[in-house]
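Visitor: Have a look at this one before I ask anything.
Laboratory data are not the source of any read-out in this text; all were calculated from the coordinates shown. Note that this is a predicted model, so its numbers are computed, not measured.
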Amino acid sequence: MLRTCTQKQINAFYVESGKLLVRVWDKQEGTDFSEISLSKGEFYKVEPGYYHQFQGVEDGIAYEFYWSEFESDDITRRSEGGESN
């Protein structure tokens, strides 16, 4: 199975029904990993920098979310032109 890793993006999983298994590897890309079993109504967040994968264990509905944390130094602004009215 494929393992994925993001450097800045957070991945999260929510189970509406059924069961989902999430595996998370250590940051050094080793062979050690944790297994997190999610059931109906449960949520789990994978922080950036961790390899992970997920697998449906029972038929159901699960959601995978992606988002990035705000970094104040991520935006560069430059004014051009005159005043706006």
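Visitor: Figure the gain on full extension for Phe43 and Thr31 (residue separation times 0.36 nm, minus the Cα-Cα span) and round it to one decimal in nm.
Guide: Computed gain between Phe43 and Thr31 is 1.9 nm.
Visitor: Starting from the amide H of Val57, placed 1.01 Å from N in the peptide plane, find each other amide H under 5 Å away whose residue is 5 or more places distant or on another chain.
Guide: Sorted by chain and number, the residues that satisfy this are Lys19, Leu20, Leu21.
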